Amino acid sequence: MASALGLWANRNELGGFFLLLSLLLGVGGLEAQDYGSRLGTQRGGEVSFEPRGPGVLFGALDPSVRKWYVPQELYNEYQWRQWEYSNYARQPYQRYVNTALEGNYFYDIYGHYVTRGWLVYDWHQDQPQALGSSIFKDGRFNDWFNNLTVSSDSEGQFSYAITVGNEIRTTLTPMTFSKPRFNGLQMDFAADKYQATIIASRISDPATGVTPQPARVSNSTSLIGGRATVQVGDFITLGGTLVDARNANTGLDVFSGDLIAGSLTAGQSSTPVTAIAMVLSDDSPEDGIGGAALFSHDILITARNFDTELETVFTLQQVVREGLEWPVIFGGFPKEGFTAADGDERIVLNYDFKSPAYVGPDPLSIVKVEFDYVLANDFKVEMWSNKQTGRRSTPAPPITNQIIEESEPALIVLQRAEGNVRDISNLQRVRYEYGLPTANMVGGFTIEGKDVFGFDFNGEWDRNLRFFQYPNPAIFSASGNHEISSLHADAYFFNLSRQQYPWFGFFEGYSIAEDYSTTAAFVVDHSGDILYDSPTTAFYEFVDDNDDQDRLPDWVRRGQSVGDNIVFPGWDENNDFISDFNQNDNATIPNSLPDYEEPFLRFAVDRPEFLFGIDLNNNDWIDRFEDDVLPDYLYKADRRGYNAFVGLDIAPDVRLLLGRVDERMFSQQRANESTYGLFTFDRNWAGFGRVRVFEMLKRVKDTIPDDRRAPTPFLTAPARPLVPDILPAADTWVNSSFIAVDHLAVPGLELTSKLKYDFYHQVLDDPRDLNERPLRDFTSFLGVINKASYTAEWGSFLLRPGLKSEYFRQSEFLQEEEPRQHWAGIAQVLAQTRLTPNTKIETGLELLRFRDLVADEDDMLARGVAVETGDLTSTQVAVQLSVTSGYLGYILTTQVGLRVGRIGTERIREAAPGVFEKGSKGRSETTSFITVFAGVE
């Protein structure tokens, strides 16, 4: 009986359990399916996918012992059918699909879902944290977007864009920031009266290529800058600019240091400074006199007790052991009351904190070192320490003039005296705080006016601040503030112009300090070290040298593998990045022979010596064709002065102006004083042609050297040699005249005549160049070109005969150099005919006669000298077949041709013993070719 009752009770309990289970399942079937957060969370009218963390699905709460084979969020679809027998008889197996095939899921800092896709660029800066600076560039940034992304939006008058790229052409102002290849971020905003720009980059390692993993570093050099402009009224625009490059260590709190001056890196402050040297030298060593004059020297050393934070200042007398010498001084010549360093001599003051003569505070406790000197004359002050690493190993102290010459330690220039003072009239007290460079900042203001009371004007004032910090390991480890010092230099200019027909005028005044610098000469490597004397690895330029204004800077700096050796400013009028004097040169088939020397091309192309223009810096090279090795400021550094002219439009094509240049150097007593007059005439006459006249006469006193680089003659040229300015116009009358007549009155006949005449007439009795070599009293250039060509057509046959005469005479500035004088005559005939609509054949004949008018052939014969006379003849014959046709969507041009030349060189030869006569030695040259060009038009 008891067992029966127990069985009944158990059955009732089991039945109740199943009844409860059926009720729960029934209720669950009536409710909506719970998808968790798979479909997002609705808030108002939007669906959000921000992270919410995993939850618990009530429908999947089932106390079973069985193993779960699917996630709980799929329970409503599969319930207990969590595994299946795999049979692919009717439904073939399909391969696994990568869940990231359409990218990954990304969220912003607030947890908002951004997109599903790919991370192509990411720059993170986390502080304080080791390896806290990271940049990631996916391969898609290069492959899909060609290293450039632009995000933009606009509404009404407001527009903005965010640009990220490896090669952004960015200019704030030419005096503060201008780069053809800026690697970083640029944010721009524009409205009707307001504009603003922010730029940023990790210039020490901006990740120029693909980074499979984020490029993480602790030590970095970053740049941030910007510019904003506002239009005031209808005519005036005001602007402000700030650019700052600073070192940083992500292990430090970003607010523990100075946001502008930056902070020292681990490589700079991991060990104490144990030796400092101050180097005094002559800032103008070429004159050999009036160099640095040292009257007295002192030092102030500040030490800190890091337990009490008490600081104590020690003077020189307090840190020197009695009876010993400290600092140790090498070099210099003792004079009455001072020590001098003239010419190549140096005065080197060595402060060795490990020397037995030093009894001052421990280097680990020193937080500031200040030098107090009394100096005069034309001094230059440089600084060295054992913390200044360079391309060569750091020498052991003390250092001497000989060690500086042999070891070439990395020196940092602190100050140069203004002018080349030699009489101690600039006696002054100067103070320098030792520190390693940590930041370079340039900031300033601009103003621009359009038609303000009839005047147009623009101006800019900028200040350059260079920051230094004294390295101390204890402060660095505690994330404390290092002692900060700074040097500053200013630059400004103002331009004013007005035109009220027929009068016009222009004025420009400027002052660019010698020490004004837009170079961040302290870019760190990954370990935090700096090669202070290596421009290619440690220098970053805010303003690049890019005289030809292409996409490549002309010099090699941090972030560039090579510089631009293809530089020819002003010689590319068709903007194809190929010199117009060597137009058939290209990267595929290089051609090193300029067009004015190449057969059949030299008839139309004249030598660059026949170009004319304005040369205000008087280095015998037209300014707009000049290539220097300086940043592209509007005005050169170490200059102050003005240029002004007033002119009159005598007629629409006749202009006359008078002007004056007065320019000085800060660092030396050199000047450029030029008074000039300019006359231009350019008129076309119907039925006659065009006449052009250019005349510029100057009275010049120019002692400022303006070196330049020679333009690239061909694309594969190895380098651009430096052309020094020998100062040919120290006190000189300079004239440049040019006349050109293009006569087109007769149909088919073109007559061209050009005459260029330049001269330098020295006023001084014994003129000398920069290196004291004697100059000629009168130097001139005379060039005359006469050309005639005629084009005749008879159906498909074209005949073009031509004659050209070129006379060239140039006397060199230096008496030791030989003058040049020659004449060249060219006669050529070109004939062309079409065999079919797409096939033509062209033949040509060119005769060249070249005569060197300097060599005296009769004198050579009389003296019995067996040499070449410089005269030659050339005969060139060419034939070319050209076929043009379409093929696979391209326009193919196939050319087959041959050119044969015979060149005869005149020479004096010995026909018999003691008997000399003129003869000619001939040689042949041939060129055959089969060329196929594929074009799109």
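Taken together, the values in this text are just the output of simple stated rules run on the coordinates, not laboratory data. This one's a predicted model, so the numbers in the text were calculated from it and none came from an experiment. Note that we place each Cβ from the backbone using ideal geometry, even for glycine, and neighbour counts take in every protein chain shown.
Rounded if a/c is under 1.5, else prolate if a/b is larger than b/c, else oblate: which is the chain, with a ≥ b ≥ c the root eigenvalues of its Cα gyration tensor?
Since a/c reaches 1.5 but b/c is at least a/b, the shape of the chain is classed as oblate.
Between the range 83-107 and the range 678-743, what is the separation of their alpha carbon centroids in Å?
75 Å
Could you name the aspartates and glutamates in cross-link range of Lys921, using Cα to Cα under 12 Å and dropping any fewer than eight places away on the same chain?
Glu868, Asp871, Glu906
Under 13 Å between alpha carbons, and skipping anything fewer than 8 positions from Lys754 in its own chain: which aspartates and glutamates qualify?
Reachable aspartates and glutamates: Asp606, Glu609, Asp742, Glu806.
Within 10 Å, count the other beta carbons around each residue, average over each peptide in 718-724, 589-595, 805-811, 612-618, and list them highest first. Please list the in-between numbers first.
Values: 718-724: 12.3, 589-595: 14.6, 805-811: 17.4, 612-618: 19.4.
In descending order of packing, they fall as 612-618, 805-811, 589-595, 718-724.
If you line up the long axis of helix 2-30 against the longest principal axis of the chain, both from Cα atoms, how many degrees apart are they, to the nearest 10?
30 degrees
Taking the Cα centre of each part, how many Å lie between the range 772-848 and the range 437-460?
Between the Cα centre of the range 772-848 and that of the range 437-460, the gap is 48 Å.
Among Trp685, Phe577, Ser178, whose Cα lies farthest out toward the positive end of the dipole of the chain, if unit charges sit on the beta carbon of Lys, Arg (+1) and Asp, Glu (-1)?
Phe577
How do the peptides 233-245, 569-581 rank, highest first, by the average count of neighbouring beta carbon atoms within 10 Å per residue? Before the final figure, lay out the partial values.
Numbers: 233-245: 17.2, 569-581: 15.2.
Averaged packing, sorted descending, gives the order 233-245, 569-581.
Largest first and in whole Å, what are the equivalent-ellipsoid semi-axes of the range 274-433 based on the Cα gyration tensor, each being the root of 5 times an eigenvalue?
28, 18, 14
I'd like to compare 867-878, 275-286, 455-466: which one has the highest average count of other Cβ atoms within 10 Å, and what's the full order after that? All intermediate terms of the calculation are to be shown ahead of the outcome.
Details: 867-878: 16.8, 275-286: 22.7, 455-466: 18.7.
In descending order of packing, they fall as 275-286, 455-466, 867-878.
Add -39500 (n - 2.57) for each DSSP H run of 4 or more in the chain, then divide by its residues: what number comes out at 222 nm, to the nearest 500 deg cm²/dmol? If you can, show how the numbers build up before the last one.
Details: 9 runs with 69 residues, N = 937.
The per-residue figure over the chain is -2000 deg cm²/dmol.
Quick one: compute the contact order of the chain, relative version, from alpha carbon pairs under 8 angstrom and 6+ residues apart, as a percent. Working shown, then result.
On the way: 2248 pairs, mean separation 58.8, N = 937.
Relative CO of the chain lands at 6 percent.
Cα centroid distance between the range 884-937 and the range 150-174, in Å?
Their Cα centres are 53 Å away from one another.
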